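Here is the structure we will look at.
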Amino acid sequence: MAERLLEVVNLNKSYGALQATKDLSFSVQKGHIHAIIGPNGAGKTTLVNQLTGDIDSDSGRIVYKEHNITQLKDYQRARLGIARSFQITHIFENLSVAENMALALFAHSGHNFRFWQKSLHSSSIRDKLPEALARVDLAARAEIPAGALSHGEKRQLEVGMALAAEPELLILDEPMAGMGPGGTVELSKLINALKGSVTILLVEHDMDVVFALADMITVMVYGEAIITATPEQVRRDTKVQTAYLGEEA
Amino acid sequence: MNQKNRKISVIAGGALLLLLLPLVAVLLEETYFISLFSRIIIYGLAAVSLDLLLGYGGMISLGHAAYVGIGAYVVGIFFYHAQEMEPIISIPFIMHGSENALLVLPLAIIISGFFALVIGSLCLRTKGMHFIMITLAFAQMIYYFFVSLEKYGGDDGLSLYSRSSLPGLDLSNDLHFYYFCLFLLIGFLFLVKRTVDSRFGLVVRGGSNNERRLKALGINIYRYKLVCFVIAGAGAGLAGGLLANQTEYISPGLMHWTLSGELMVMVLLGGLGTLFGPILGAAVFLLMEETLAMYTEHWMVFMGPFLVLVVIFAKRGLFGLLTGEQNNNG
Ligand SMILES: Nc1ncnc2c1ncn2[C@@H]1O[C@H](COP(=O)(O)OP(=O)(O)OP(=O)(O)O)[C@@H](O)[C@H]1O
Ligand SMILES: [Mg+2]
């Protein structure tokens, strides 16, 4: 039954002399929550950007649903059902919270060359909008310009927009960072509820969250994937303990 | 009074003022005001179209006058050939001149829009400073092209001797012409307002703030920006066609970067991304020019500091001051 949704083969990216990702290879099973962990600067965000097409890879291959997407542009990959949240918040600060969410919801309902009807009245999103906002606890803030939200609320919106795009592959780059304890618990529940229906690639520093949620974990150190295994195996692995978990303990 | 009502009152007040102004001018026998405010309405229309780029699309074009000029030349060239009774082109088909506003104004819109499509499709491949400079470069190219057209007066331009004709109205009558311009301005505002609030407008406004997020949502902003650029160019073309009628004169000066700069000043004065603000900006700019120019030809010496003050202290320009609205566009 295990079906591969994403396969990464020998992926590389250098910034000058610094090799941010080094011969990365691993695959993600459909329906899994696959966590990527590693110390600061290990190359996790670089990997995410390579997967989404935000940056071009130097070499290697990205296979999504049996298609080689390595050469596709970022927006083309998004249209194939890959959504992401950014570690550094990327929201439309000049638009209202509802409008932000609407743009994310529109992603999967046809073209945007609609000039007449008011955007928020569009039938394709009207029903989904309240739910999408409520899911990240922003229903009461719908009318406010997103730029005026608190830091934590901006993080909620950031993650909420990635969820709203109804992706097949959801890539979350440290979604919990800056959310506060309450937000972290809520978001863990949310991610857990998506388990099975959406494949999730989760970059996260919070080990409790990772070990509670993940089906598989890839550990990155200095740009390299030193192991891809189940949480149990990762916990017991000596390489991981010395290279990474050992440092924290 | 809440902000929304306050905004509606300001807009309604402005509309009422423009609607009644000619009647007051006639009563006071100051009919000169009618032609002055016709000019304000036309420049206002051009400034609104520029606001679509500056305030909503985040596209800083320093060549917007090119489309005003092209619109004016379309009207002027058709007029000239109608007068001379000589076809504009005879190969591959014969095209005659015309004075009919119902023909030449739509043509001014379409041809300016077409130029915006071609120029925009090249300019929008660049960003930031490059975009500003390349829009300017194209506008200057068009300026020099028309300077070199001896047939249409070159540097000196061309006098038209009368205005376009329109069934049911006499555009040579300043009162008729005024209401005709006002009607077109209101129509354009209505269209732009719908566009800005639509799903298309949402994409354009979002793209001006965070292009990377838009791409992550699967939206390639380029085509949306281009369509926005064309709408703005077409609007400027209409303003140009009206301006040719208003002054009964066309010249390459209409395409010069100084006019692009003046339009930009009107948008900033009135309020970036406020839609109605640029009309207020055009009014303040032209009224200041009109009054200060009586005392000194260096009237810009006063305009400059005034603009600086407005830009620093009123984020949404004079319109924002009136409505009490300081952020959130739309
Ligand atoms: N645009 C860039 N130019 C140069 N170096 C970069 C660039 N982006 C990242 N790096 C470097 O590449 C390495 C990997 O960075 P990356 O952001 O991928 O790490 P990360 O695992 O996401 O770290 P964190 O846990 O802090 O988010 C770091 O040493 C970083 O300084
Ligand atoms: Mg990172």
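A short reminder: the numbers here are calculations on the coordinates, not readings from a lab. Remember, predicted model here, so these are calculated numbers, not experimental data. As a convention, Cβ positions derive from the backbone with ideal geometry for all residues, glycine included, and neighbour counts pool all protein chains shown.
Helix hunt in chain B: which complete DSSP H runs extend at least 18 Å axially by C-alpha with mean Kyte-Doolittle at least 1.0? The qualifying helices are B:3-27, B:32-51, B:101-123, B:128-147, B:174-197, B:257-270, B:277-292, B:300-313. Just checking the listed ones, A:M216, A:M179, A:M101: in the Gaussian network model of chain A with Cα springs under 10 Å, the one fluctuating most is A:M179.
Segment B:252-271 and segment A:142-167 have Cα centres lying 37 Å from one another. For chain A, relative contact order (Cα pairs under 8 Å, six or more residues apart, normalised by length) works out to 27 percent.
Working from label points 7 Å from Cα in the Cα-to-Cβ sense, the A:A17 to A:A229 distance is 3.4 nm. What is the list of residues in segment B:238-265 whose amide nitrogen lies under 14 Å from a point 7 angstrom out from the Cα of B:D155, following Cα to Cβ? Counting backbone N atoms under 14 Å from the label point, the list is B:252-253. Computed extension gain for A:K195 through A:V9, at 0.36 nm per residue and net of the alpha carbon distance, reaches 64.5 nm. Its relative contact order, with pairs defined as Cα atoms under 8 Å and 6+ residues apart, puts segment A:174-249 at 19 percent.
Taking max minus min of the alpha-carbon positions on each principal axis, the protein assembly as shown gives extents of 93, 60, 45 Å, largest first. Other residues with beta-carbon under 10 Å from the beta-carbon of A:E168 carry, at +1 per Lys or Arg and -1 per Asp or Glu, a net charge of +1.
Taking every DSSP helix (H) stretch of at least 4 residues in chain A, weighting each as -39,500 (n - 2.57) and dividing the sum by the residue count yields a mean residue ellipticity at 222 nm of -9000 deg cm²/dmol. Computed over the alpha-carbon pairs of segment B:3-323, the distance histogram in 20 Å steps reads 32, 59, 9, 0 percent, short to long. Residues within the reach of a label modelled at A:A134 (point 7 angstrom out along Cα to beta-carbon, backbone nitrogen below 11 Å), restricted to segment A:189-221: there are none. Distance between the modelled labels on B:T31 and A:W116, one decimal in nanometres: 4.2 nm (7 Å Cα→Cβ projection). Structure note, pairs A:K128/B:K127; A:K118/B:K215; A:K154/A:K195; B:K151/B:K225; B:K225/B:K315: Cα-Cα distances above 32 angstrom occur for A:K128/B:K127; B:K151/B:K225. The ranking of B:W257, A:W116 from fewest to most other beta carbons within 10 Å of each one's beta carbon is A:W116, B:W257. Put in order of Cβ neighbour count within 10 Å, fewest first, the listed residues B:Y67, B:Y178, B:Y295, A:Y75 become B:Y295, A:Y75, B:Y178, B:Y67.
R0 = 35 Å: FRET efficiency of B:H130 with B:R194, Cβ-based, nearest 0.05? E(calc), rounded to 0.05, equals 0.65.
Using C-alpha pairs below 8 Å separated by at least 6 residues, the relative contact order for segment B:3-323 is 32 percent. Shown for chain A are the DSSP H helices of 18 Å or more along their axis, judged by Cα atoms, with a mean Kyte-Doolittle hydropathy of at least -0.5: A:151-164, A:180-194. Rounded to the nearest angstrom and listed largest first, the equivalent-ellipsoid semi-axes of segment B:179-285 from its Cα gyration tensor are 29, 15, 14.
Using just its DSSP H runs of length 4 or more, each adding -39500 (n - 2.57), chain B gives a mean residue ellipticity at 222 nm of -23000 deg cm²/dmol after division by all residues.
Find the centroid of the Cα atoms in segment A:80-116 and in segment B:160-224, then give the distance between the two in whole Å. Between the Cα centres of segment A:80-116 and segment B:160-224 lies a distance of 24 Å.
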